[in-house]
């Protein structure tokens, strides 16, 4: 336990030999050091998971987790150790504000990968939906290339079919007129197969022959155009099959999916905020502990030590200046005697 306690004191950034002279401060700085250590540990887990999500390499994620965790640990330790208790709270708060902002930024960076893991199941479902939307968008863009020609061919086929139907309707009308002339229900109103009927029958036969010609010509053109449509459809399917169908599973895609979830679901949005606030609280806790805690014996000892060093520094400077002035005076006297 003593080794663990010493390790947490080291994590706090305090001067351990001086802290031993103020044992009442040991628990406070031990708690600060433990918070800094576990923040670095969470940062390592977060950074390792983020890199594993991007590259899928376990060894690279493990190595990055160690480096990232140590970097955050060292930065937090520096932030806390650089804070000193002053006589005025306002001055302390002004000096602590940049450190607090930096701690908040670090907390946000650390929290995001862990949020992705917390909502992993929901994110996987959202990624499937996003994949389907991406695939549909790709197919629509491919279809746009051929859609104009497809519309043209369909319009031409419809026009050719309309020509056949119009000629068929004309033939049917002429055949009906000839039939009515033959049975006396129309035309001259006399039942006969005379010259009038024969003329009308000839018109009907001519229309029938014309229908056969148009059907033959238009049918050939329709078959050609349908073959072209089949060729376009085959080309479209081959192009779609060659599209990139890889799964969307990168870090940016997961963050995008989490954003969609928070936009649609209020509980997810609140949970996301609570996780971020939790990490902000953990990351800024050592700074606030040092900020709101009263001035203790360790702070007095530290001030005495720093003040002693300032006095020593001033004495050394004064001593060096006196020695320099003496050398200058001796040198000036020797020059005068020589002259």
- Message: Within segment 201-231, name every residue whose backbone N is under 14 Å away from a label modeled 7 Å from Cα of residue 179 along the Cβ vector.
- Response: 201, 204-205
- Yeah, segment 1-136 with a ≥ b ≥ c from its alpha-carbon gyration tensor (a/c under 1.5 is rounded, else prolate when a/b outruns b/c, oblate otherwise) is prolate
- Task: Considering Cα pairs under 8 angstrom that are at least six residues apart, work out the relative contact order of the chain and quote it in whole percent.
- Result: 24 percent
- Message: Which of rounded, prolate or oblate describes segment 18-72 when judged by the alpha-carbon gyration tensor and an a/c cut-off of 1.5?
- Response: prolate
- Note on the structure: Measuring from the longest principal axis of the C-alpha atoms of the chain, the long axis of helix 89-118 (C-alpha) lies at a number of degrees, nearest 10, equal to 40 degrees
- Message: Can you compute the modelled spin-label distance between residue 217 and residue 271, with each label point 7 Å from Cα toward Cβ, in nm?
- Response: 7.1 nm
- Query: Against the longest principal axis of the chain, how steep is helix 120-183, in degrees 0 to 90 to the nearest 10, with axes from Cα atoms?
  - Reply: 10 degrees
- Message: Between residue 38 and residue 122, what is 0.36 nm times their sequence separation minus the Cα-Cα distance? Round to one decimal in nm.
- Response: 27.5 nm
- If one compares the long axis through the Cα atoms of helix 266-292 with the longest principal axis of the Cα atoms of the chain, the angle in degrees, nearest 10, works out at 10 degrees
- Query: Relative to the present Cα-Cα distance, how much length would full extension add between residue 159 and residue 16 at 0.36 nm per residue of separation?
  - Reply: 42.0 nm
- Roughly speaking, what is the stretch gain from residue 247 to residue 129, that is 0.36 nm per residue apart minus the C-alpha to C-alpha distance, in nm to one decimal? 41.4 nm
- Task: Between residue 143 and residue 6, with labels modelled 7 Å along Cα→Cβ, what's the label distance in nm to one decimal, could you check?
- Result: 7.3 nm
- Query: Under the classification rounded if a/c is under 1.5, otherwise prolate if a/b is larger than b/c and oblate if not, where does segment 209-319 fall, given a ≥ b ≥ c as square roots of the Cα gyration tensor eigenvalues?
  - Reply: prolate
- Message: Using all alpha carbons of the chain, what is the percent of pairwise distances in each 10 Å bin, ordered from the shortest bin to the longest?
- Response: 5, 13, 13, 11, 10, 8, 8, 7, 6, 5, 4, 3, 2, 1, 1, 0, 0
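All of the numbers you see were taken from the coordinates with simple rules; none came from a lab. Remember, predicted model here, so these are calculated numbers, not experimental data. Please note: Cβ atoms are built from the backbone with ideal geometry, for glycine as well, and neighbour counts cover all protein chains shown.
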